[in-house]
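Please read the structure below before turning to the comments.
The values are calculated or read from the model by the stated rules, or taken from the named source; none is laboratory data. What you see is a predicted model, and the numbers here were worked out from it, not measured in a lab. Neighbour counts run over all protein chains shown; Cβ positions are idealised from the backbone, glycine included.
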Amino acid sequence: MRFGLEAVEAAHARLGRPAHAFPAVHVAGTNGKGSVAHIAARGLAAHGLRVGLTTSPHLHRLAERMLVDGAEPPAEELAAIATDLAARLGGWPPPALTFFESVTLLAFELFRRRAIDVAVVEVGLGGRLDATRLCRPVVSVIVSIGLDHTDRLGVTTAEIAAEKAGILVSGVPVLLGPVDPDARRVVAARAAELGCPLLAWNPDRACLEPAETPDRDRPDRAATPAAPAAPAAPLPGTHQRANAALATAAARIALETIGRTPDPARLVPAPFVLPGRLESVPGRPPVLLDVAHNPPAAAALATHLAATGIRPRYVLGVLARKDLAGIVAALGTRPGPLHACAPDVSEARPAAEVAAAWTGPVAGCHRSVAAALAAARGAAAPGETVVVTGSHFTVAEARVELLGIAEFDRPIAL
């Protein structure tokens, strides 16, 4: 993987800088940024705006990464745009660019051609050197900061915070979700340096409020008014309350910036299903799908299981580069029998290694996600829920089996 923006910036310039054709809500974070992006996009669309939404990775189809008004573009439209970009950039994907950079340019060009009013743009990895920095944000959001991708972003939350704070732009408001004090100090310092108003999540008051900055011990509440109290979350999970607050605040700022009056009743969408995020599939037994792939996300999943009284029977498949011990420790706070597996990608950790790391009972070690899912469903006792987790790849393969999805691409992280 290549770090650096020079190649994608040059390609963007050759295309006439499509990302500069619309304002953007820019969303970074270790976990939760996809949820925030989807909630914000729905809130903006409810105000009559044409909204582009680009997220990653996809579960089944590349077109999931670039929605306009909540709908995937037709394959023919994407193929036509890609053909045009290939002619202008020397091939598809362009030889000088990574897969993620190529798809980001594809999304931005789609949005320009569709004449969207505003885009919601999810960062791929980190922030400082991410291709999504081509966008022109009216608000920057950092949802969370945890230890993931430590080989690329740093081994402490402060180091990772510095990478994610790379999305900040001079004078543009910043929203910061629940983070530890070290990460918060780094983001606050960068915001102060750039003159960015900063609202940060206060867990005690469950709302966003002006944050302290390095040059003052107390925040300037007059200069940066607090956001309203956190709304009811449209997605399941206690962690989604902070996500909903960030998303609705971001949508409110975006609307005000482009001259529209926010309607509080329309900022928060009705409950909806976001595939792979505490997604329930009814049946006997019921199945819960969650893409938790690092310890903080696994902890959020375990908290949800405990809060809802779910008795889990796990189907777990993890990539080799992920913190398996940390994921197992987090899930171990809500113990249950394990069906270990490996998704069908070269980066997957062998199922035997997953089983060896598990601290509870191991019900089976399976050759595939499909086999593990079938075994878990067959073995589930009354009152148990099969919980599929560990990776986007694992959840994607389980959804194919459960929902009968016939047409799909292989999910690609970056």
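Looking at 144, 102, which one is in contact with a Gly (Cβ under 9 Å, 6 or more places away or on another chain) and polar (S, T, N, Q)?
Just a single option satisfies the conditions, and that option is 144.
Please go through the range 258-270 and pick out each residue that is surrounded by 12 or more Cβ atoms within 10 Å (Cβ to Cβ) and either farther than 20 Å from residue 209 by Cβ or touching a Cys at 6+ places or on another chain (Cβ under 9 Å) (or both).
258, 260, 263, 266, 269
Are any residues in the range 181-207 of a type in the set (Lys, Arg), modelled with pLDDT of 95 or more and either surrounded by 18 or more Cβ atoms within 10 Å (Cβ to Cβ) or farther than 19 Å from residue 140 by Cβ (or both), and if so, which ones?
Of everything in the range 181-207, those that are of a type in the set (Lys, Arg), modelled with pLDDT of 95 or more and either surrounded by 18 or more Cβ atoms within 10 Å (Cβ to Cβ) or farther than 19 Å from residue 140 by Cβ (or both) turn out to be 184, 190.
Can you tell me which residue is surrounded by the fewest Cβ atoms within 10 Å (Cβ to Cβ) among those in the range 97-154 that are assigned to a strand (DSSP E or B) and among the small types (Gly, Ala, Ser)?
Among those that are assigned to a strand (DSSP E or B) and among the small types (Gly, Ala, Ser), it is 140.
Test residue 52 against the criterion of being in the same structural domain as residue 231 (by TED's automatic domain parsing), on the phi < 0 side of the Ramachandran plot and touching a Leu at 6+ places or on another chain (Cβ under 6 Å), and give yes or no.
no
Given the conditions (1) surrounded by fewer than 16 Cβ atoms within 10 Å (Cβ to Cβ); (2) modelled with pLDDT of 95 or more, and given that residue 21 satisfies all but one, which numbered condition is not satisfied?
Of everything listed in (1) surrounded by fewer than 16 Cβ atoms within 10 Å (Cβ to Cβ); (2) modelled with pLDDT of 95 or more, residue 21 misses just condition (1).
Scan the range 34-48 and give yes if some residue there is touching a Leu at 6+ places or on another chain (Cβ under 8 Å), within 14 Å of residue 117 (Cβ to Cβ) and surrounded by fewer than 22 Cβ atoms within 10 Å (Cβ to Cβ), otherwise no.
Checking the range 34-48: at least one residue is touching a Leu at 6+ places or on another chain (Cβ under 8 Å), within 14 Å of residue 117 (Cβ to Cβ) and surrounded by fewer than 22 Cβ atoms within 10 Å (Cβ to Cβ).
If we scan the range 84-97, do we find a residue that is among the small types (Gly, Ala, Ser), in contact with a Pro (Cβ under 9 Å, 6 or more places away or on another chain) and over 11 Å from residue 8 (Cβ atoms)?
yes
So in the range 284-303, with the set limited to residues that are in contact (Cβ under 8 Å) with a residue 24 or more places away in the chain and assigned to a loop (DSSP other than H, G, I, E, B), which one is surrounded by the fewest Cβ atoms within 10 Å (Cβ to Cβ)?
By that ranking, first place goes to 286.
Filter the range 277-306 for residues that are among the hydrophobic types (A, V, I, L, M, F, W, C) and either assigned by TED's automatic domain parsing to the domain that holds residue 237 or closer than 22 Å to residue 38 by Cβ (or both) and give the result.
Residues satisfying the conditions are 278, 281, 287, 288, 289, 291, 292, 297, 298, 299, 300, 301.
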